[in-house]
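Asker: This is the structure I want to talk about, given as structure tokens.
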């Protein structure tokens, strides 16, 4: 149990997916300029990563490995992710039009978010058990959501700052992310 | 086939990808590997060339099948094509350059979801000829390689004090700011490089505008003078 707790902390803070693993940077820079957008994207990513993490783990260990076709994992995983996104989109549309209104736009973008495929591959690479996979997927994606929401607050404030013309937008955002990454390094001492 | 834009020659096409639409510094695409693997020049170059390899094959194949694939399912088809090529590349690297395979790690299979590849497939190869798509891929791939090697060169030089390539030491400095090879340093270096490029570009545009303004002012003055002269002539004729 304590192992799982450590894993949760590590994946949430210390090995944060954006600030130390560099996965999902495109969407991080793309949607973090508005608070509402960041929240929507963060939640959508949380659902997709957690579900696809579990499904790809099951497929890898129940189908690919017994069949001796583990080399197919990249192709199979990306198809699973794409299918998951489609199914989730349809399900949310049917059961919660309200939620669909806020998440709908972000779902199609998630297929090519490298955080999703990245977590699925990391689960396999680290030889996780199923329970570890669940914890790792959920907390990694929560780490993504937390960082993207915090960052959207910072960027909204940065709009008011007198930044030189050439550094407006992405460059200053990257520099702010650098400071945030340094701060997150401080969490290493936590464990 | 109707073309909106003028067709570029192969050379222009390559230069476009390398400088004008450089994927790393101008289009800001494919950020994950850009930040993730650029701790050393060797890794940066390896990643850049891997993407170049994948991009050339996918752009050519997608351009080849662009008229066969129904447009409703084109994105899944593109993704499968890309995933196949990336899997091939994984085997090749695992067999022939295992050290690079190990150091690129998870970023190698993640080329599948690299925005540059799907982006070029969708934006360029899906409605251009094979020949054009091939050169577009070469330009974009080289541009990405250039971006990655610049970033990794700066980070390795300042972060470790020396730059290694294929076992040779290219540069050596006595000071090292190990901060730059850490994740935070990646964000900082890339932010600074893009910022500097944008500043230079803005300056150039300003100068160009200033020159244009002078030219326009001169032209307007000339026009006014001409009109005045014409008016004077007319008045002279009336008198």
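Asker: Give me B:39, A:70 ranked fewest to most by other Cβ atoms within 10 Å of their Cβ, as a rough exposure proxy.
Answerer: Listed from fewest to most nearby Cβ atoms, that is A:70, B:39.
Asker: Only Cα pairs under 8 Å and at least 6 apart count here; give the relative contact order of chain B as a rounded whole percent.
Answerer: On the way: 277 pairs, mean separation 68.5, N = 239.
Value for chain B: 29 percent.
Asker: If you take the square roots of the eigenvalues of the alpha-carbon gyration tensor of region A:29-85 and sort them as a ≥ b ≥ c, do you get rounded (a/c under 1.5), prolate (a/b over b/c) or oblate?
Answerer: Working: a/c = 4.36, a/b = 2.92, b/c = 1.49.
It is prolate, given that a/c is not under 1.5 and a/b is the larger ratio.
Asker: Right, another one. Convex hull over the Cα atoms of region B:10-179, averaged projected area in nm²?
Answerer: Numbers: hull surface 40.6 nm².
For the Cα atoms of region B:10-179, the hull's average projected area reads 10.1 nm².
Asker: Next up: Can you pull a Stokes-Einstein diffusion coefficient for region B:182-239 at 25 °C (0.890 mPa s), Rh from Kirkwood over Cα pairs, as a whole number of µm²/s? Before the final figure, lay out each step's value.
Answerer: Values: Rh = 15.5 Å.
Here the translational diffusion coefficient equals 158 µm²/s.
Asker: Cut-off 10 angstrom, C-alpha nodes, Gaussian network model of chain B. Which of B:150, B:189, B:199 fluctuates the most?
Answerer: Highest fluctuation among the options: B:199.
Asker: I've got another one for you. Quick one: divide the alpha-carbon radius of gyration of region A:2-190 by 2.2 N^0.38 Å and tell me what you get. Spell out each step's value before the answer.
Answerer: Numbers: Rg = 17.4 Å, N = 189, 2.2 N^0.38 = 16.1 Å.
That ratio works out to 1.08.
Asker: Counting alpha carbon pairs within less than 8 Å and at least 6 residues apart, what relative contact order, in whole percent, applies to region B:130-188?
Answerer: Numbers: 50 pairs, mean separation 14.9, N = 59.
In percent, rounded to a whole number, it is 25.
Asker: In degrees between 0 and 90, to the nearest 10, how far off the longest principal axis of chain A does helix A:170-185 point, with axes built from Cα atoms?
Answerer: So the helix axis and the longest Cα principal axis differ by about 70 degrees.
Asker: If the convex hull of the alpha-carbon atoms of the protein assembly as shown is projected onto planes in all directions, what is the mean projected area in square nanometres? Please list the in-between numbers first.
Answerer: On the way: hull surface 121.0 nm².
In nm², the orientation-averaged hull projection of the protein assembly as shown is 30.2.
Asker: Nearest 0.05, what FRET efficiency do residue A:34 and residue B:226 give at R0 = 51 Å with Cβ-Cβ as r? Please list the in-between numbers first.
Answerer: On the way: r = 53 Å, r/R0 = 1.04.
The computed FRET efficiency comes out at 0.45.
Asker: When the helices in the protein assembly as shown are scored as -39500 (n - 2.57) per DSSP H run of 4 or longer and the sum is shared across all residues, what 222 nm value do you end up with, to the nearest 500 deg cm²/dmol? Mind showing how you got there, number by number?
Answerer: Numbers: 17 runs with 294 residues, N = 430.
Value at 222 nm, helices only: -23000 deg cm²/dmol.
Asker: Return A:75, B:200, B:111 ranked ascending by Cβ neighbour count within 10 Å, so the fewest neighbours appear first. Write out the running numbers ahead of the final one.
Answerer: Values: A:75 18, B:200 11, B:111 28.
Ordered from fewest to most neighbouring Cβ atoms within 10 Å, A:75, B:200, B:111 come out as B:200, A:75, B:111.
Asker: For a quick check: sort B:16, B:221 by the number of other beta carbons within 10 angstrom, fewest at the front. Working shown, then result.
Answerer: On the way: B:16 17, B:221 10.
In increasing order of surrounding Cβ atoms, one gets B:221, B:16.
Asker: Still on this model: Taking 7 Å along the Cα-to-C-beta vector as the label spot, tell me the residue B:21-residue A:70 distance in nanometres, rounded to one decimal.
Answerer: Rounded to a tenth, the inter-label distance reads 4.1 nm.
Asker: If I take every Cα pair under 8 Å that is 6 or more residues apart in chain A, average their sequence separation and divide by the length, what percent do I get for the relative contact order? Walk me through the numbers before you get to the answer.
Answerer: Details: 200 pairs, mean separation 80.6, N = 191.
For chain A, the relative contact order is 42 percent.
Asker: I would also like to ask the following. For an R0 of 56 angstrom, estimate the FRET efficiency from the Cβ-Cβ distance between residue B:165 and residue B:218 and round to the nearest 0.05. Write down the numbers at each step before the final one.
Answerer: Details: r = 52 Å, r/R0 = 0.93.
With a Förster radius of 56 Å, E is 0.60.
Asker: Using a Förster distance of 35 Å, how high is the FRET efficiency between residue B:131 and residue B:73, based on the Cβ-Cβ distance and rounded to 0.05? Display every interim value, and only then the final one.
Answerer: Details: r = 26 Å, r/R0 = 0.73.
Once rounded, the FRET efficiency stands at 0.85.
Asker: Can you give me the angle between helix B:183-238 and the longest principal axis of chain B, using Cα atoms only, in degrees from 0 to 90, rounded to the nearest 10?
Answerer: For helix B:183-238, the angle is close to 10 degrees.
Asker: If you fit an axis through the alpha-carbon atoms of helix B:130-160 and take the longest principal axis of the Cα set of chain B, what angle between them do you get, 0 to 90°, nearest 10?
Answerer: Rounded to the nearest ten degrees, it is 70.
Bear in mind these aren't lab numbers, they're just calculated from the coordinates by the rules spelled out. In this text the structure is predicted, and so the values were computed from the model without any measurement. No Cβ is skipped: glycine too gets one built from the backbone with ideal geometry, and neighbour counts run over all protein chains shown.
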